[in-house]
Amino acid sequence: MAFSTKSTGGPMADINITPLIDVMLVLLIIFMVTAPIPLLKIKIDLPQPNPNQIPPTNPPEPINLKIDQSGAFYWNDTPVDELGLKAQLAVVAQQTNQPEIQIKAANTVAYQYVATVLADAKQYNLTKIGFTDSDSQ
């Protein structure tokens, strides 16, 4: 505590921090008591590997799907419109060993175009979809 030996009657220049420390300790104890302690184990059902399944020895080449700033689609550097994209996705869906579709979207492209591609891929039950870095766009 800060006590003054002179009784000038003026305001004290020192801050009494004892009440602030008391409040801080009380709040610390309250947070420690009310914080839930993670005693419950969360059961997660992870997929188990199939030992009988042989990984493919010759995987197909991935398909590069580029979306530029204006929303134009490029299927392996060939420009396609949305109907052509759906047709290409339908062809890929018919294959038994489906290649991965790697989407490379420009940084400034509207999310609507990426969402359209993902919705079309979902429509054809395509699951091997990845995103690549769009460094030069």
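Inspect all residues belonging to the range 105-116 and state whether any of them is among the polar types (S, T, N, Q), in contact with a Pro (Cβ under 8 Å, 6 or more places away or on another chain) and surrounded by 11 or more Cβ atoms within 10 Å (Cβ to Cβ). Give the derivation first.
Taking the range 105-116 as the starting set, the residues that turn out to be among the polar types (S, T, N, Q) are 107-108, 112, 116.
Now narrow it down to the ones that are in contact with a Pro (Cβ under 8 Å, 6 or more places away or on another chain): none.
No, because not a single residue in the range 105-116 is among the polar types (S, T, N, Q), in contact with a Pro (Cβ under 8 Å, 6 or more places away or on another chain) and surrounded by 11 or more Cβ atoms within 10 Å (Cβ to Cβ).
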Report those strands (runs of 3 or more DSSP E) wholly inside the range 56-137 carrying at least 3 residues which are within 27 Å of the chain's Cα centre (by Cα) and in contact (Cβ under 8 Å) with a residue 40 or more places away in the chain. 63-67
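Taking the condition at pLDDT 90 or above and basic (Lys, Arg), does residue 122 pass?
Numbers: at pLDDT 90 or above: yes; basic (Lys, Arg): yes.
Criteria met by residue 122.
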As an exercise: evaluate residue 28 against (1) of a type in the set (A, V, I, L, M); (2) surrounded by 10 or more Cβ atoms within 10 Å (Cβ to Cβ); (3) assigned to a loop (DSSP other than H, G, I, E, B) and give the number of the one condition it does not meet. (3)
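Quick one: is residue 28 out of contact with any Gly (no Cβ under 9 Å at 6 or more places or on another chain), on the phi < 0 side of the Ramachandran plot and touching a residue at least 40 places away in the same chain (Cβ under 8 Å)? If you could, list the steps in order and put the result at the bottom.
Numbers: out of contact with any Gly (no Cβ under 9 Å at 6 or more places or on another chain): yes; on the phi < 0 side of the Ramachandran plot: yes; touching a residue at least 40 places away in the same chain (Cβ under 8 Å): no.
Answer is no for this residue.
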The listed residue being touching a strand residue (DSSP E or B) at 6+ places or on another chain (Cβ under 9 Å) and not small (Gly, Ala, Ser), out of 67, 30, 42, 21: 67
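The values are calculated or read from the model by the stated rules, or taken from the named source; none is laboratory data. Everything quoted here is computed from the prediction, not taken from an experiment. Don't worry about glycine lacking a Cβ; one is built from the backbone with ideal geometry, like all the others, and counts go over all protein chains shown.
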